[in-house]
Amino acid sequence: MFAGDYGIATYDKNYYLNTGSSKQQMSELEKLTSTFIHYYERNLSIPYGEAITYIETAPTSKYDTWYFVAYPSIVAMTREDGFTNTQASWFKAFIAHELAHYYFGTYKKFNSELGDMFTESLAEYLSIKATKDLLGKDAYLDRVTNKLNELKEVELPAISSIKSGSEYVDRELYVYVYAPVIWLAVEKEIGSEKCCYG
């Protein structure tokens, strides 16, 4: 992915490749990262894996921005400040989601046709739970309300009827919005203790 002379830095346990982040910015991101990691460790009773490598690069398109995880790396393909928005609600939700991929995507891998849906939706579910418990009820309600609004007047197949990823109708809506709302509903029915939280 990288060839040439790029800036690399370390802060605490984590690595920064080509981010251009100042020590203060790295400190803020470390605080946010460790808050979510400790939350997941405490609630799932599973130690977090290894150090995170934050990687930033420019996309080939002038108009697209893309963030993703390839554990243990979190990558920002953007022309803007990739890892400096630590106070923005969307960024906190993004970091919570990507860090949750250690548990769903690395620690637990799914080898079925629905593996993609489980990996993404359970990481999103964990990030919603972290939002509620760490960022407050208002931030949580805002995220859930936005998801519910996206589902208005949309017909999606039940999870039990899906046999392959091509049947989602709209993958982004299905795995990041619909399925996490289903996991929240399941939790409400059976209780958080049975969902590894409590």
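Observations on the model:
- Short-range pairs are left out: with C-alpha atoms under 8 Å and at least six residues apart, the relative contact order of the chain is 16 percent.
- Considering the chain at the alpha-carbon level, its Rg and Dmax are found to be 17.4, 53 Å.
- Cross-link table LYS13/LYS132; LYS129/LYS194; LYS92/LYS129; LYS31/LYS132; LYS92/LYS147; LYS108/LYS137, entries beyond 20 Å C-alpha to C-alpha: LYS13/LYS132; LYS108/LYS137
- Peptide ranges 78-91, 118-131 listed from the most packed, as the mean C-beta count within 10 angstrom indicates: 118-131, 78-91
- Excluding same-chain neighbours fewer than eight residues apart, the lysines reachable from LYS163 by a Cα-Cα span under 20 Å are LYS109.
- Over the chain: helical MRE at 222 nm, DSSP H runs n ≥ 4 each giving -39500 (n - 2.57), nearest 500: -13000 deg cm²/dmol
- Where labels lie 7 Å past Cα in the beta-carbon direction, separation of GLU113 and ARG42 in nm: 4.1 nm
- Of all DSSP-defined beta bridges confined to the range 37-95, some 50% are antiparallel rather than parallel.
- Over the range 115-195, equivalent-ellipsoid semi-axes from the Cα gyration tensor in Å: 22, 15, 11
- Bridge type composition, the chain - antiparallel percent by DSSP, nearest 5: 50 percent
- For ARG79, net neighbour charge (Lys/Arg +1, Asp/Glu -1) across residues whose Cβ lies under 14 Å away: -3
- Whole-number D in µm² s⁻¹ for the range 8-100, Kirkwood Cα-pair radius fed into Stokes-Einstein, 37 °C, 0.692 mPa s: 242 µm²/s
Readers should treat all values here as calculations from the given coordinates under stated rules, not as data from a laboratory. In this text the structure is predicted, and so the values were computed from the model without any measurement. Reconstructed Cβ throughout: ideal geometry from the backbone, glycine too, with neighbour counts over all protein chains shown.
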